[in-house]
Amino acid sequence: AVVSTQSTGFFAGIIDQCQYFHKATSHPELLEIKKTLLKNVAEEAPLIEDRLVVLELNCGSGTNLGYIPEGSVYIGSDPDESEREKLELNFSKDENNKTEFDRFLCTTPCQLYSILDESVSVVISVHGLCSCFNLSYGLQEVWRVLKPGGKFYYVEHVPTRRKYSTLWFSQLNFQIQFFWWGCFYRKIDKDLRRVFSSVSMDYTEINLHGFNYIGPMKIFQPHVYGVATK
């Protein structure tokens, strides 16, 4: 029984780390990437009725609101309905917030049906694309809602290229946990290049970046990030 309890605690701890990694995105190196990538969100992006309209995928409780330019209209989407209340609370607590909160959508990037064609200036995704059961369709949805000239900023984790780390993770059947909270853990870097080409989206070079995680979290080290223009 003791072994069972320790084992359960170990697995629970790993799952907690994975969930925190996806939502908080507060690792120092990741913060630096986001700061560099999102510092000029408003530049050269087309306006919608004289306003910058920003759609964030996997918005969580609003971790990235600090990167949203003042005067923007903000739409948050997340597959976890419990994030709605947290996001609304964060908006209400900030009296100096000059960003207009438009709405929260409980959905994945594959299901942006309620957003009109070409009605968004900027789409931001930090660990959001991995929730797509069909990445090709999810990126086509991003392309559909973006106005011509619109920007798509992304920071995504991809599977480690270390064979035994991936096998270890699969053998422990962690993919069930990933499906449970929406991560399909796919090779996003290859799919991004293929899908961007299919929808005629230009993109900057995709960079892999190593994170100094330890133990099981090493599988999350590789990342891709960049900006694409419709």
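The values are calculated or read from the model by the stated rules, or taken from the named source; none is laboratory data. This is a predicted model, so every value here is computed, not measured. As a convention, Cβ positions derive from the backbone with ideal geometry for all residues, glycine included, and neighbour counts pool all protein chains shown. Heavy atoms of the whole protein, side chains included, go into the accessibility calculation; ligands, DNA and RNA do not. Shrake-Rupley method; radii C 1.70, N 1.55, O 1.52, S 1.80 Å.
Before moving on, here are some points about what is shown:
- Thr229-Asn90 FRET efficiency (beta carbon distance; Förster radius 30 Å; 0.05 resolution): 0.55
- The convex hull of the Cα atoms of the stretch 48-100, projected and averaged over all directions, covers 3.6 nm².
- Rg then Dmax, both in Å and based on the Cα atoms of the stretch 79-158: 13.6, 39.
- Carbon and sulfur %, accessible surface of the stretch 65-118 computed with the full protein complex present, 1.4 Å: 45 percent
- Highest to lowest packing among 75-81, 36-42, scored as the average C-beta count within 10 Å: 75-81, 36-42
- For the stretch 48-64, the Karplus equation 6.51 cos²θ - 1.76 cosθ + 1.60, evaluated at θ = phi - 60°, returns couplings of 10, 6, 6, 10, 7, 9, 10, 10, 10, 8, 6, 6, x, 8, x, 4, 9 Hz by residue, with Gly and Pro reported as x.
- Rolling a 1.4 Å probe across the protein heavy atoms gives the stretch 92-151 an accessible surface of 44 Å² per residue.
- Neighbourhood net charge (14 Å Cβ-Cβ; Lys/Arg +1, Asp/Glu -1) for Pro28: 0
- In plain terms, the chain from Glu43 to Lys190 could stretch by 50.1 nm, reckoned as 0.36 nm per residue minus the Cα-Cα distance.
- Under 5 Å, built H, 5+ apart or other chain: amide partners of Leu105: Gly76, Ser77, Asp78
- Added length on full extension, which subtracts the Cα-Cα distance from 0.36 nm per residue, Ser197 to Glu81: 38.5 nm
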